[in-house]
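Chemist: Mind having a look at this structure? Questions to follow.
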Amino acid sequence: MSGIDAAWLAATEFLDYEHPAIRNFIAAKVGAGDTAKDKALKLYYAVRDGIRYDPYSSSMKREAMRASTTLLTGVAYCVPKALLYAACLRAVGIPARPGFADVRNHLSTEKLDRLMGTDIYAWHGYVSLLLDGKWVKATPAFNLEMCQRFGVPPLDFDGEHDSQMHPYNSSNQRHMEYVKQRGEFDDLPYDELVADMMRMYPQLVAVSEGKAGDFEHEAIARPAA
């Protein structure tokens, strides 16, 4: 591809798309005759709904962040899900970069509020991808079932327009808003992310390393007010 940085298509430590599990996942989701947009959309929904979102899976271990680990465990928070989607895109020849931003979250659970200690969620993950000569953003974080439990419209992606967090839920209440862009990268800026997470959310990280919590079912106990 003329004018395309090779880094946007490369396998990396965290976008390890040469792993057999990722290769098999892609082969099962896309067809040889699919266009680039077809592949991007099929892989978006496969990652969005095939990997369960859970903020309590926020392990800071290097191996936990790798795309292959996310696929094998089937559960992750927004950052590893974004890394998996970016890895899949690069594997099928679509330039992609993981991007990060800080967001203010108005939809949570009592337990998560307590562990976070703030409504600012740093390093929220999304993916920037190049389709038809245009960079667009996609966010495969919240799976359909979790959205239904929280009363949040699932975030769809059409391959032409940015797909980021809805500002309101289905009851027209505040959901998420972006407060700071951190940029887009060739690979996960692991050391910087981990330093911030350990400093800002030590209780959440401690819980995540112990694999405690069930975010989806907490939504039933505390529906959106």
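Chemist: Rounded to the nearest 500, what is the chain's calculated 222 nm mean residue ellipticity when only DSSP H runs of at least 4 contribute -39500 (n - 2.57) each, over all residues?
Modeler: -11500 deg cm²/dmol
Chemist: Got a sec? How would Ile4, Ile51, Ile94 order by Cβ neighbour count within 10 Å, fewest to most?
Modeler: Working: Ile4 11, Ile51 23, Ile94 20.
Ascending Cβ contact count within 10 Å gives the list Ile4, Ile94, Ile51.
Chemist: Can you tell me how much longer the chain between Glu160 and Asp102 gets when fully stretched, taken as 0.36 nm per residue apart minus their C-alpha distance, in nm with one decimal? Each step should come with its number before you reach the end.
Modeler: Working: separation 58, 0.36 × 58 = 20.88 nm, distance 2.36 nm.
Full-extension gain reported as 18.5 nm.
Chemist: Here's another thing I want to ask about it. Under a 5 Å amide H to amide H cut-off, with H placed in plane at 1.01 Å, what residues pair with Ser163 once short-range neighbours are removed?
Modeler: Lys137, Ala138, Thr139
Chemist: Using only Cα atoms, find the angle between the long axis of helix 190-200 and the longest principal axis of the chain, and express it within 0 to 90 degrees, rounded to the nearest 10.
Modeler: That helix lies at roughly 10 degrees to the long axis.
Chemist: Of Leu89, Ser59, Gly117, which is farthest on the positive side of the dipole of region 6-221, counting Cα position, with +1 on Lys and Arg Cβ, -1 on Asp and Glu Cβ, and the Cα centre as origin?
Modeler: Working it through, the farthest residue towards the positive pole turns out to be Leu89.
Chemist: Moving on to the next point. Considering amide H positions built from the backbone, and no H for Pro or chain starts, which residues 5 or more places from Val179, or on another chain, come under 5 Å of its amide H?
Modeler: HN-HN under 5 Å from Val179: Asp102, Val103, Arg104.
Chemist: Restricting attention to region 95-165, which GluC sites (Glu not before Pro) occupy a DSSP loop and are surrounded by at most 11 other Cβ atoms within 10 Å? Write out the running numbers ahead of the final one.
Modeler: Working: sites: Glu110, Glu145, Glu160; in loops: Glu160.
In loop regions of region 95-165 (DSSP not H, G, I, E or B), the sparsely surrounded GluC sites (Glu not before Pro) are Glu160.
Chemist: How far apart, in nm, are two points set 7 Å out from the Cα along the Cα-to-Cβ line at Asp38 and at Met60?
Modeler: The modelled label-to-label distance comes out at 4.4 nm.
Chemist: On to the next question. Can you give the angle from 0 to 90° between the axis of helix 20-29 and the longest principal axis of the chain, with both taken from C-alpha atoms, to the nearest 10?
Modeler: Tilt of helix 20-29: around 80 degrees.
Chemist: Once the dipole of the chain is set up with Lys and Arg at +1 and Asp and Glu at -1 on Cβ about the Cα centre, which of Leu188, Tyr17, Cys147 lies farthest towards its positive end?
Modeler: About the Cα centre, the residue reaching furthest to the positive side is Cys147.
Chemist: How far apart, in nm, are the 7 Å Cα→Cβ label points at Ala11 and Gln148?
Modeler: 3.6 nm
Chemist: I need the trypsin sites (Lys or Arg not before Pro) found in region 1-76, filtered to DSSP loop residues with at most 14 other beta carbons within 10 Å of theirs.
Modeler: Filter output for region 1-76: Lys61.
Chemist: Of the labelled options (1) 113; (2) 136; (3) 124, which one gives volume of the Cα convex hull per residue in Å³ as computed for this structure?
Modeler: After the calculation, the listed value that fits is (1).
Chemist: State to the nearest 20 debye the size of the charge dipole of the chain about its Cα centre, where the only charges are +1 on K and R beta carbons and -1 on D and E beta carbons.
Modeler: Computed about the Cα centre, the dipole is about 220 debye.
Chemist: Also, quick follow-up: Considering the chain as a Gaussian network with a 10 Å cut-off on Cα pairs, which listed residue, Met165, Met198, Met176, attains the greatest mean-square fluctuation?
Modeler: For the chain, modelled as a Gaussian network with Cα springs under 10 Å, the answer is Met198.
Chemist: Rounded to the nearest 0.05, what FRET efficiency is calculated for Tyr190 and Arg114 with R0 set to 25 Å and r the Cβ-Cβ distance?
Modeler: Details: r = 27 Å, r/R0 = 1.08.
According to the calculation, E is roughly 0.40.
All of the numbers you see were taken from the coordinates with simple rules; none came from a lab. Since the model is a prediction, treat every value here as computed from it, not as a measurement. FYI the Cβ positions are ideal-geometry reconstructions off the backbone, even for glycines, and counts take in every protein chain you see.
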